[in-house]
Amino acid sequence: MNSMRPILLVEDNPVDVDLTLRAFAKRHLVNPVQVARDGEEAMARVDAWEAGEPPPLLVLLDLKLPRVDGLDVLRRIKSHARFRSIPVVVLTTSTEDTDMRSAYQLGANSYIVKPVSFDNFMEVVAQIELYWGVLNLALENP
C-alpha cells in the first residue's frame, strides 16, 4: 500500500479480526494494522488523531459494534474537516438497505458485505488492498 500510515480495522468479532489480519499477512501488507474492537475504541482513535497521532490511510469499519455504533463512528470521522478525506470502507455482515443507505449518506467510500468463506474473504482483502492501497491516490497529510 502507498505510504506507511496504518490501516484502522474497527471490528468486534475476534474471528473476523483474525481473518482480516491473516489475509493481510498472506498478501504481505506492509502497512501496520491498528485494531479497535468496539465503537468506543474507534472514537478514542479519532481523539488520538486530533491530538496529533498520524491518521490512518484507510478505515475498515464494521457497522454492528458494541458500545458505539459503526454509523456513529463513521459520522464522527466524516464530520471532521481534517479526517473526512480518509477513505472508510464499510466491511459488514449487514445486507440491510437502511444500513447501506445510511453509510453512503454519511460519507462511506465503499460498502462491502463480508463473505463467509476464507477464500472469498481473501479475495475481498486482495481487492481492498489493490484498489485503496495501490490504485487510489491518497492524501499524505489529510
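Can you tell me how region 87-132 classifies by the Cα gyration tensor, rounded, prolate or oblate, using a/c under 1.5 as the rounded cut? Verdict is oblate for region 87-132. Near Leu106, no amide H atom lies under 5 Å from its own; only residues 5 or more places off or on other chains count, and H is placed 1.01 Å from N.
Please label the shape of the chain as rounded, prolate or oblate, based on the square roots a ≥ b ≥ c of the eigenvalues of the alpha-carbon gyration tensor (a/c under 1.5 means rounded; beyond that, a/b larger than b/c means prolate, else oblate). It is rounded, given that a/c, with a ≥ b ≥ c, falls under 1.5. Per-residue ellipticity at 222 nm computed for the chain from its helices equals -11500 deg cm²/dmol, with DSSP H segments shorter than 4 residues left out and the rest contributing -39,500 (n - 2.57).
Compute a Gaussian network model of the chain, connecting alpha carbons closer than 10 Å, and tell me which residue from Asp47, Asp62, Asp38 fluctuates the most. Looking only at Asp47, Asp62, Asp38, the biggest GNM fluctuation is shown by Asp47.
Calculate the dipole size of the chain relative to its Cα centre from +1 charges on Lys and Arg beta carbons and -1 charges on Asp and Glu beta carbons; express the result in debye to the nearest 20. Walk me through the numbers before you get to the answer.
On the way: 15 positive and 20 negative charges, 74 e Å.
Once rounded to the nearest 20, the dipole reads 360 debye.
The numbers here are math on the coordinates, done by the rules we state, and not lab data. Predicted model, so just to flag it, every value in this text is computed and none were measured. Quick reminder, even Gly has a Cβ in these numbers, built from the backbone with ideal geometry, and neighbours come from all protein chains shown.
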